[in-house]
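Q: Let me begin by handing over the structure; questions about it come next.
Nothing in this text is a laboratory measurement; each read-out follows from the coordinates by a stated rule. Every value quoted in this text rests on a predicted model; they were computed, and no experiment measured them. Don't worry about glycine lacking a Cβ; one is built from the backbone with ideal geometry, like all the others, and counts go over all protein chains shown.
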Ligand code: FAD
């Protein structure tokens with residue numbers, strides 16, 4: 001069986017890698033659009049204390065976090081050590097004491113089913129400052145040792161390089177799906193035809209453009225995220241990730257590289273300009289949480305388009321209206337956590353074997369509809 005994977009962000013790269021590991025012939029087609037979510041995502045892998053209560057989401061995100069150790073070890077076997085992944089732990093801060101205690105309780109509770117979250121402790125202001133010197137002096141925190149950081153770009157590139165070592169053909173360009181009598185049998189890139197028995201759309205926020213010519217409506221929409229990179233004069237390789245109660249977060253890439261993100265701009269369309277309002281929102285939040293950043297050098301603003309599906313829930317599986325067509329999409333704000341694992345699960349579905357999750361809980365019909373005469 002031959003496979004086309006369209007879209008080479010973290011999800012498509014992982015799908016291609018896992019299919020190739022199973023010994024299949026795979027072509028990975030990627031345009032690497034400006035605004036690729038993976039390229040902008042500086043990620044936190046630590047979903048255990050999220051406010052989200054949706055069970056399907058939690059199953060995906062927690063399995064995603066757990067899968068990282070295995071994946072990183074596998075990539076190392078292919079000589080890929082530059083993955084941008086490091087387990088540094090996380091500090092969850094909150095100004096209200098009782099909320100912090102609740103987080104502590106939740107962490108202990110989650111530890112029972114997810115021992116990979118590591119050790120849990122409640123830190124006072126001094127202990128918090130010791131682990132992360134730039135933080136405001138009045139912050140207490142719940143400390144979790146199993147959280148990690150990952151650099152989306154590095155991990156994606158490592159997955160693609162490992163896939164190529166396994167024989168995956170990488171094609172750069174914009175793909176269009178080819179269909180004959182309701183069967184998707186390949187894709188065109190610049191008039192060149194790439195035949196495949198099965199095709200997966202892992203095109204993030206852009207999937208609707210692939211689906212539309214087949215009479216399908218894609219409901220995944222872009223959500224813009226602006227994220228800032230700073231340089232400080234301190235070695236921060238071991239500093240933990242900081243998770244305030246808001247949607248902002250801070251992480252460190254070592255050698256003084258600090259990242260603070262990110263805006264969540266619904267209805268942004270495909271506008272990938274950094275804006276005054278976006279940057280100022282992030283800067284304001286950064287200084288509130290980590291006033292020690294005031295002298296940091298602002299080195300870069302990255303913008304990415306998170307693929308968001310209805311109800312902010314990812315979908316994956318076969319697209320029922322066509323033969324040979326599959327999709328995984330809608331990873332939203334937790335795609336670096338869930339993407340590598342979901343790619344593996346999609347590879348299982350495409351090869352008709354059982355995965356750890358049941359795709360029935362992530363129905364494709366939520367994000368892909370048939371365009372009928374009435375619609
Ligand atoms: P993308 O990475 O967007 O990749 C889609 C790819 O498909 C692109 O390369 C595009 O060019 C290609 N494509 C589209 N159409 C075509 C076509 N027709 N032909 C060829 N190629 C095509 N997640 C976390 O878990 N933790 C975090 O802390 C975190 N922080 C984030 C911060 C920011 C600022 C952003 C933007 C995201 C963050 N995320 C985080 C979310 C995560 O980055 C995304 O959910 C994830 O990267 C989505 O991956 P994807 O592969 O589905 O899509």
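Q: Relative contact order for the chain using alpha-carbon pairs under 8 Å, separation at least 6, rounded to a whole percent?
A: This gives 24 percent for the chain.
Q: On alpha-carbon atoms, Rg over Rh for segment 282-324 using Kirkwood Rh?
A: Rounded to two decimals, Rg/Rh equals 1.33.
Q: What do you get when you divide the Cα radius of gyration of segment 1-156 by 2.2 N^0.38 Å, with N the number of residues?
A: That works out to 1.22 for segment 1-156.
Q: Using helices alone, what [θ] at 222 nm do you get for the chain, with -39,500 (n - 2.57) per DSSP H run of 4 or more residues, divided over all residues and rounded to the nearest 500?
A: The helix contribution divided over the chain gives -9500 deg cm²/dmol.
Q: Relative contact order, percent, of segment 176-325 when contacts are C-alpha pairs under 8 Å separated by at least 6 residues?
A: 28 percent
Q: Write down the percent of antiparallel bridges among all DSSP beta bridges whose residues are both part of the chain, to the nearest 5.
A: 75 percent
Q: Further, regarding this structure: Calculate, for residue 169 and residue 191, the FRET efficiency according to 1/(1 + (r/R0)^6) with r their C-beta to C-beta distance and R0 22 Å; round to the nearest 0.05.
A: Given R0 = 22 Å and the Cβ-Cβ separation, E is 0.80.
Q: With viscosity set to 1.306 mPa s and temperature to 10 °C, compute the Stokes-Einstein D of segment 242-302, Rh being the Kirkwood radius across alpha carbon pairs; µm²/s, no decimals.
A: 126 µm²/s
Q: Taking the Cα-to-Cβ direction at residue 180 and at residue 73 and moving 7 Å from each Cα, how far apart do the two end points lie in nm?
A: Result for the modelled spin labels: 4.5 nm.
Q: Now for a separate question. At 7 Å along the Cα-to-beta-carbon direction for both residue 122 and residue 98, put a label point, then send me their distance in nm to one decimal.
A: Placing both labels 7 Å along Cα→Cβ, they lie 1.4 nm apart.
Q: So for segment 83-153, Kirkwood radius off the Cα pairs, Stokes-Einstein at 20 °C and 1.002 mPa s: how many µm² s⁻¹?
A: The estimated diffusion coefficient comes to 168 µm²/s.
Q: Same structure, new question: Roughly speaking, what % of Cα-Cα pairs in segment 129-283 are separated by over 21 Å, rounded to a whole number?
A: Roughly 64 percent, rounded to a whole number.
Q: Here's something else I'd like to know. Gain in length, residue 370 to residue 238, computed as 0.36 nm per residue apart minus the alpha-carbon separation, to one decimal in nm?
A: Stretched fully, the residue 370-residue 238 segment lengthens by 42.6 nm.
Q: Can you pull the three principal axis extents for the Cα set of segment 87-204, in Å, largest first?
A: Principal axes ranked by extent give 64, 29, 25 Å for the Cα atoms.
Q: Nearest 10 degrees, 0 to 90: what angle lies between the long axis of helix 276-289 and the longest principal axis of the chain (Cα atoms)?
A: 40 degrees
Q: Starting from the Cα-Cα distance between residue 59 and residue 361, subtract it from 0.36 nm times their residue separation and give me the gain in nm to one decimal.
A: Roughly 107.7 nm would be gained on extension.
Q: At a threshold of 8 angstrom on Cα-Cα distance, excluding pairs fewer than six apart, so keeping six or more, what relative contact order does segment 61-195 reach in percent?
A: Here the relative contact order equals 27 percent.
Q: Using 7 Å Cα-to-Cβ label points, what is the residue 217/residue 353 separation (nm, one decimal)?
A: Taking the two extended label points, one gets 3.8 nm.
Q: How much length would be gained if the chain were fully extended between residue 311 and residue 130, taking 0.36 nm per residue of separation minus their Cα-Cα distance, in nm to one decimal?
A: Residue separation times 0.36 nm, minus the Cα-Cα distance, leaves 61.2 nm.
Q: Further question on the same structure: Compute log10 of I(q)/I(0) for the chain with the Debye formula, placing one identical point scatterer on every Cα and leaving out solvent, at q = 0.07, 0.08, 0.14 Å⁻¹, to two decimals.
A: One equal scatterer on each Cα of the chain leads to -0.30, -0.40, -1.16.
Q: For residue 231 and residue 279, what is the calculated FRET efficiency with R₀ set at 22 Å and r taken between the beta-carbons, to the nearest 0.05?
A: 0.85
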